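Engineer: Here you go, one structure.
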Amino acid sequence: MQLAVIGTGYVGLVTGACLAELGHSVTCLDIDKGKIAALQAGEVPIFESGLEELLERNGDTGRIRFTTDYAAAIPGAEAVFVAVGTPSLATGHADLSQVTSAAAALAPHLDRGATVVMKSTVPVGTTRTMQATIQEARPDLAFEVASNPEFLRQGAAVDDFMHPDRIVIGTISERAEATMRRIYHPFVSTGVPMLFMRIEGAELVKYASNAFLAIKLAFVNEIADLCEQVGADIEDVTTGVGLDSRISNRFLAAGPGFGGSCLPKDTQALLHTSQVHGAPSRVVGAAVDANLGRRSGMARKVVTAAGGSLQGKQIAVLGLTFKANTDDLRESPAVDVVRALIGLGAKVRAFDPQGMGQARRILPDVDYASGTYEAIDGADVLVILTEWAEFATLDLARVRQALAEPVVVDLRNLYDPAEMAAAGFHYHSIGRPVATPSS
């Protein structure tokens, strides 16, 4: 099939590359001329495992191409995926200006019978508003619309797209349903559930899914705090809880709080939507509030580990992205923790495998190291903020020798407390007793 994807951000680029991998002919469009020029030159603007290889392979076969021209991308497309950004406004509502602009720009070029697919995460009612915008511009045009929310984890987005748990489609049009079945036939033929529902239901599935995950993360972090007070080990607790088939162990890892481009934005948008419609989401609101307070709590944990003051102390920070295997610092807990540490008088030297470029722009007061051990050298405290694999396999003897003081604050629970104590560290983690060297 001939398809178009509007927007080459995180969702749009992954969607376009994966649709091409399924055998479709895909044109990706973006109004950012610099981004399109880079993609045409083979440069990938985001770090996402497996994405560069997909783009190269499908670019070589001609199944994917890039343009800034709506007249080159939309005509002939049987389905047009709208995958533009919907960032949060100060009010908490999603900024839909890019959706509105895309709808107005694609309308003059849309073929009769084509399906416009909302892939962006949008509040309930947005897909029908987009439909009205296009219809107003082309009153005589017969076309279809559908909502097809994405469920992609940053760092594993390609794998998530190519091996989905389910495919959710919102539409009441038989023609749009048939189009979507054709697009996703390679998945449906292998038994992947494909759920059809009203557009409003599909829009809400995305928000409800992310809100539930946010609640789960906020909950486990509060249980971790309780563990520290009563002498329990959060790893024991989450193992016992996670073996309950009604709950599962996914998203039960205690840490510095959730971040990134999805959970914070989507929970805020859901809260706003629920308030507008007179059905306030109190549980979601509590999770959002708990997550915001979590970050200052992590800074206090570092202060405690450092003996009560950070004034003039050298802090080594490993990890700045909101999670491993991405270069994304949006809403990263690590960024807020680093700012808090600096505000408390610390000198911070940091390293992240992929996030250094963005970090330099938003954290100008940090000293950036070229590698892990350079960041650690001479530090009074080592703080692990992101769960990159290379931070979980440190040479502990080398770390012990490099640190001015043998103090480690592991906010991702990458190490075993007994092992760290045996290696000579004062080891502070999340929801577990502090481990100290035996005398």
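The values are calculated or read from the model by the stated rules, or taken from the named source; none is laboratory data. The model shown is predicted, which means the values in this text are computed figures rather than measured ones. Counting neighbours? That spans all protein chains shown, and the Cβs are built from the backbone with ideal geometry, glycine included.
Engineer: For the condition within 30 Å of H109 (Cα to Cα), among the small types (G, A, S), within 24 Å of the chain's Cα centre (by Cα) and surrounded by 15 or more Cβ atoms within 10 Å (Cβ to Cβ), what is the one hit in S173, S147?
Structural biologist: S147
Engineer: Need at least 2 residues that are at pLDDT 95 or above and of a type in the set (A, V, I, L, M) per element, so show me which helices (runs of 4 or more DSSP H) inside segment 143-216 make the cut, counting only ones lying wholly within it.
Structural biologist: By residue number, 157-162, 174-183.
Engineer: Against the conditions (1) more than 25 Å from V409 (Cα to Cα); (2) without any contact (Cβ under 8 Å) to a residue 60 or more places away in the chain, where does T238 fall short? Just the number, please.
Structural biologist: For T238, the exception is condition (1).
Engineer: Against the definition (surrounded by fewer than 22 Cβ atoms within 10 Å (Cβ to Cβ), of a type in the set (K, R), at pLDDT 95 or above and farther than 17 Å from A379 by Cα), how does R339 come out, yes or no?
Structural biologist: yes
Engineer: Same structure, new question: Can we say Q401 is under 20 Å from the mean Cα position of the chain (by Cα) and assigned by TED's automatic domain parsing to the domain that holds R294?
Structural biologist: Spelling it out, it is not the case that Q401 is under 20 Å from the mean Cα position of the chain (by Cα) and assigned by TED's automatic domain parsing to the domain that holds R294.
Engineer: Does segment 263-270 include one or more residues that are of a type outside the set (D, E, K, R), over 23 Å from the mean Cα position of the chain (by Cα) and part of a helix (DSSP H, G or I)?
Structural biologist: no
Engineer: Answer yes or no: is there a residue in segment 19-27 that is out of contact with any strand residue (DSSP E or B) (no Cβ under 8 Å at 6 or more places or on another chain), within 26 Å of E331 (Cα to Cα) and modelled with pLDDT of 95 or more.
Structural biologist: Among the residues of segment 19-27, not one is out of contact with any strand residue (DSSP E or B) (no Cβ under 8 Å at 6 or more places or on another chain), within 26 Å of E331 (Cα to Cα) and modelled with pLDDT of 95 or more, which makes the answer no.
Engineer: Looking at D159, D140, D233, which is the one that is assigned by TED's automatic domain parsing to the domain that holds T273 and either charged (D, E, K, R) or over 25 Å from the mean Cα position of the chain (by Cα) (or both)?
Structural biologist: D233
Engineer: Any residue in segment 359-370 that is among the acidic types (D, E) and more than 30 Å from T436 (Cα to Cα)?
Structural biologist: Yes, segment 359-370 contains at least one residue that is among the acidic types (D, E) and more than 30 Å from T436 (Cα to Cα).
Engineer: So which residues in segment 96-135 are within 22 Å of N210 (Cβ to Cβ) and part of a loop (DSSP other than H, G, I, E, B)?
Structural biologist: If the condition is that a residue be within 22 Å of N210 (Cβ to Cβ) and part of a loop (DSSP other than H, G, I, E, B), then L96, K119, S120, T121, V122, P123, V124, G125 are the ones that fit.
Engineer: Based on this model, can you work out whether R360 counts as under 27 Å from P87 (Cα atoms), in contact with a Ser or Thr (Cβ under 9 Å, 6 or more places away or on another chain) and basic (K, R)?
Structural biologist: When the stated conditions are applied, R360 does not pass them.
Engineer: Would you mind finding the one in A279, A359, A334, A306 that is farther than 22 Å from A211 by Cβ, aliphatic (A, V, I, L, M) and more than 24 Å from the chain's Cα centre (by Cα)?
Structural biologist: None of the other options fit; the residue is A306.
Engineer: I'd like to verify a number: residues in segment 332-368 that are charged (D, E, K, R) and touching a Leu at 6+ places or on another chain (Cβ under 8 Å), how many?
Structural biologist: Adding up the residues that qualify gives 2.
Engineer: Here's another thing I want to ask about it. Could you list, in sequence order, the residues of segment 177-192 that are surrounded by 15 or more Cβ atoms within 10 Å (Cβ to Cβ) and either outside the structural domain of A17 (by TED's automatic domain parsing) or more than 29 Å from the chain's Cα centre (by Cα) (or both)?
Structural biologist: none
Engineer: Continuing with this model, one more query. Restricting attention to segment 296-315, report how many residues are touching a residue at least 40 places away in the same chain (Cβ under 8 Å) and over 14 Å from V409 (Cα atoms).
Structural biologist: 2
Engineer: Quick check on V383: is it in the same structural domain as L226 (by TED's automatic domain parsing) and over 28 Å from Q354 (Cβ atoms)?
Structural biologist: Here the answer is no, as V383 does not meet what is asked.
Engineer: While we're on this one: Do you know which of the residues in segment 76-104 that are touching a strand residue (DSSP E or B) at 6+ places or on another chain (Cβ under 8 Å) and surrounded by fewer than 19 Cβ atoms within 10 Å (Cβ to Cβ) is farthest from G125 (Cα to Cα)?
Structural biologist: Step by step, filter segment 76-104, then rank; the result is G76.
Engineer: Okay, next question. Go through segment 60-76 and report how many residues are of a type outside the set (V, I, T) and over 20 Å from D111 (Cα atoms).
Structural biologist: Here the count works out to 3.
Engineer: Follow-up. Can you report the number of residues in segment 363-417 which are in contact with a Gly (Cβ under 8 Å, 6 or more places away or on another chain) and either in a helix (DSSP H, G or I) or over 18 Å from I342 (Cβ atoms) (or both)?
Structural biologist: Counting residues in segment 363-417 that are in contact with a Gly (Cβ under 8 Å, 6 or more places away or on another chain) and either in a helix (DSSP H, G or I) or over 18 Å from I342 (Cβ atoms) (or both) gives 10.
One line per residue, one yes/no per condition, for (1) in contact with an Asp or Glu (Cβ under 8 Å, 6 or more places away or on another chain); (2) of a type outside the set (K, R); (3) surrounded by 15 or more Cβ atoms within 10 Å (Cβ to Cβ):
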| site | (1), (2), (3) |
| --- | --- |
| E387 | no, yes, yes |
| E390 | no, yes, no |
| D395 | no, yes, no |
| Q401 | no, yes, no |
| P406 | no, yes, yes |
| G424 | no, yes, yes |
| H428 | yes, yes, yes |
| S438 | no, yes, no |
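Engineer: Return yes or no: is C28 of a type outside the set (S, T, Y) and part of a helix (DSSP H, G or I)?
Structural biologist: It is false that C28 is of a type outside the set (S, T, Y) and part of a helix (DSSP H, G or I).
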